[in-house]
Amino acid sequence: MTRLWNDPADFADEMIDGFVAANGAHVRRVPGGIVRATGAPDGQVAVVIGGGSGHYPAFAGLVGRGLAHGAALGNLFASPSAQQIHAVARAADRGAGVFFTYGNYAGDVLNFDAAQERLRGDGIDTATVAVTDDIFSAPPGERRRRRGIAGDLTVFRTAAAAAEAGYDLASVAAVAARANDRTRSIGVAFSGCALPGAPSPLFSVPAGRMAVGLGIHGEPGIDETAIPTADELAALLVDRLLAELPEDVTAAGARVVPILNGLGSLTHEELFVVYRRIAQLLEAAGIVIVDPHVGEYCTSFDMAGGSLTLFWLDDELERLWGAPVDAPAYRRGALPAVTTLPAAAGLAAPDAAPATPAPSGPGTSAPILRGDAASQDVARTVRGALEEIVRAIDENVDELGRIDAVAGDGDHGIGMQRGSHAALAAGAAAADAGAGARTVLARAADAWADRAGGTSGALWGVILNAVAARLGDEGRPSAAAVADGVADGLRGVQVQGKAERGDKTLVDALIPFSLALQSAVADGLPLADAWRTAADDAARAAAETAELMPRLGRARTHGAHAVGTPDPGAISLALIATRVGDLLAGAPEGN
């Protein structure tokens, strides 16, 4: 279990601060994450990686010369927000474009895609390869749906070496895609991990058993066996990976980089015992072993388990793999000494112009325009709603984390808590400055998305921004306008997240809430009555998600394990809708 923390909601931020303090010769803090402290020349493609915290040395430990130029760092097991990614990319950009690479998870894809669109709007070219090395997360015919685990390292290192060698953006993306196509991984675990403050692990494995094919966020394995000997485990891992070779690879005579990765609690000595047999089996198959790796490269807090990755080389990939690297947690070869740049110099080389400062979030630096008296009155109700949301989440944070540990990865409560608190702080500051309802809620929406990160953070940003747009900063919005804002939010969520009713997501509660709200308003009910009626429908629908099989997001790989437990996103949406409805019931008419 994780033993040392202050406030669990602050764990990721405090961890990053400590990491930067300990590695100031390699990295420096920027809004959203970290970048190299040693500079990069103008005209070099910037490689930006990222993902949730809790997997060290991925991702922070892999920023440095010869490896990533920057990393966007999310909350525990949650993707960084689009704002974080955008800020890190702006700090890293050297004028030749930004290449993104990260593990293939729904929240990461959603937020990196959104950041990519913003960068293109800024005139910065981008390209992306999502890593899909985990063979157990989807069948061979659906490789695009697979997760990225410890095989991230092969794609990150290949892309970064190509950038250092002067490849242009399209060429970096092409060789990284080939590295991904030639990387396969499989993971096993003997016990789950516990997030800071959590009373129990995300999942458990029966005594004397081993889960096969699990994910690094606690996604359960798809198979289970008796605990093997070290040699039996080596045979299981090698046999499964050799049964799925890349299309253009024949095992005999092939050159491969094996990466035996510990997930947090296995000792290096145990890993070496297992690797001894892995090497024997690979050599017996006629495979040439190149640069074997045994250690921790992508962990999951204190999970007792490990994974084996095989990276099948060709001439170009082997040349790039052999390039020297100097990052805090990963060093290969030798690089000449270099001077650490001043913090204000960004990634610029010592003789280059400073990088453009990265913004901290969309619209956060724009001046606040005062609303008229009527809209300021509505803004007070918005602020009250944000206060109720914070109270509701704080009171239920442990339960939201508990159900997410069954049907997700256990971070939903902490993410909602971080997002709602940030939204209240931003909204209250805008209200105190005399802003109207639209500005107050829009500031809250952006803060929620930025601070929470992950899929839910991005989607709550979409929902609240859509409602804000209908509120306006002048006058009082009609009940129909509010209902239309919720409907706009639903459409935005479905465009962003691609979820439909029945996929076991927050959409399963949001659709009935929106439909009921619009229907009740059309029937002439006051907003407070219509909202409470709709909240009841949302609560019933959220409870009914317990019987659904997940079809999207991380819970998708849980399959039948998730049946019987409601979706945490749907539950939190219904909880918020109910508490806001209670507030509206006591608000003045028209609010």
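The values are calculated or read from the model by the stated rules, or taken from the named source; none is laboratory data. Given the structure is predicted, the values throughout are model-derived calculations rather than measurements. With ideal geometry, Cβ positions are generated from the backbone for all residues, glycine too; neighbour counts draw on all protein chains shown.
Going through (1) at pLDDT 90 or above; (2) part of a loop (DSSP other than H, G, I, E, B) one by one, Met416 falls short only on (2). For region 151-159, indicate whether the set of residues that are more than 27 Å from Lys498 (Cα to Cα), under 22 Å from the mean Cα position of the chain (by Cα) and among the small types (Gly, Ala, Ser) is non-empty. Checking region 151-159: at least one residue is more than 27 Å from Lys498 (Cα to Cα), under 22 Å from the mean Cα position of the chain (by Cα) and among the small types (Gly, Ala, Ser). Residue check: Asp314 meets all listed conditions (1) over 26 Å from Ala426 (Cβ atoms); (2) modelled with pLDDT under 90 but one, namely (2).
The residue list Gly18, Gly70, Gly32, Gly66 contains one member that is on the phi < 0 side of the Ramachandran plot and in contact with a strand residue (DSSP E or B) (Cβ under 7 Å, 6 or more places away or on another chain), which is Gly70.
Residues that are without any contact (Cβ under 8 Å) to a residue 60 or more places away in the chain and either assigned to a strand (DSSP E or B) or within 18 Å of Arg178 (Cα to Cα) (or both) within region 251-273 comprise Ala251, Ala254, Val256, Pro258, Leu260, Gly262, listed in sequence order. Only one of the numbered conditions (1) over 17 Å from the mean Cα position of the chain (by Cα); (2) of a type outside the set (Phe, Trp, Tyr); (3) buried (at least 24 other Cβ atoms within 10 Å of the Cβ) is violated by Ala469, and that is (3).
The rows are residues; the columns are (1) under 14 Å from Val48 (Cβ atoms); (2) buried (at least 18 other Cβ atoms within 10 Å of the Cβ).
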site: Asp93; (1), (2): yes, yes
site: Asn104; (1), (2): no, yes
site: Phe112; (1), (2): yes, yes
site: Thr132; (1), (2): no, yes
site: Gly141; (1), (2): no, no
site: Arg144; (1), (2): no, no
site: Ile149; (1), (2): no, yes
site: Phe156; (1), (2): yes, yes
site: Ala173; (1), (2): yes, yes
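Scanning region 286-313 for residues that are without any contact (Cβ under 8 Å) to a residue 60 or more places away in the chain, outside any strand (DSSP E or B) and either under 11 Å from Ser185 (Cβ atoms) or touching a helix residue (DSSP H, G or I) at 6+ places or on another chain (Cβ under 8 Å) (or both) yields Val290, Asp291, Pro292. Restricting attention to region 222-240 and to residues that are under 29 Å from Asp108 (Cα atoms) and surrounded by fewer than 21 Cβ atoms within 10 Å (Cβ to Cβ), the residue that is modelled with the highest pLDDT turns out to be Arg240. Just to be sure, is Leu320 modelled with pLDDT of 95 or more, touching a helix residue (DSSP H, G or I) at 6+ places or on another chain (Cβ under 9 Å) and part of a strand (DSSP E or B)? No, not satisfied. Scanning region 201-250 for residues that are in contact (Cβ under 8 Å) with a residue 40 or more places away in the chain, under 21 Å from Gly401 (Cβ atoms) and out of contact with any strand residue (DSSP E or B) (no Cβ under 6 Å at 6 or more places or on another chain) yields Pro201, Leu202, Phe203, Gly215, Ile216, His217, Gly218, Glu219, Pro220.
Listed by first and then second residue, the pairs linking a residue in region 137-152 that is closer than 23 Å to Gly306 by Cβ to a residue that is assigned to a helix (DSSP H, G or I) and at pLDDT below 90, with Cβ atoms under 6 Å apart and 6 or more places separating them unless they lie on different chains, are Ser137/Thr557. When the residues of region 365-387 are filtered to those that are in contact (Cβ under 8 Å) with a residue 24 or more places away in the chain and within 27 Å of the chain's Cα centre (by Cα), which remaining residue is surrounded by the most Cβ atoms within 10 Å (Cβ to Cβ)? Checking each candidate, the answer is Leu386.
Val205 meets the conditions (1) buried (at least 22 other Cβ atoms within 10 Å of the Cβ); (2) β-branched (Val, Ile, Thr); (3) at pLDDT below 95 in every case but one. The failed one is (1). Going through (1) buried (at least 23 other Cβ atoms within 10 Å of the Cβ); (2) on the phi > 0 side of the Ramachandran plot one by one, Gly434 falls short only on (1). Screening Asp7 with (1) of a type outside the set (A, V, I, L, M, F, W, C); (2) farther than 19 Å from Ala130 by Cα; (3) modelled with pLDDT of 95 or more gives one miss only, at (3).
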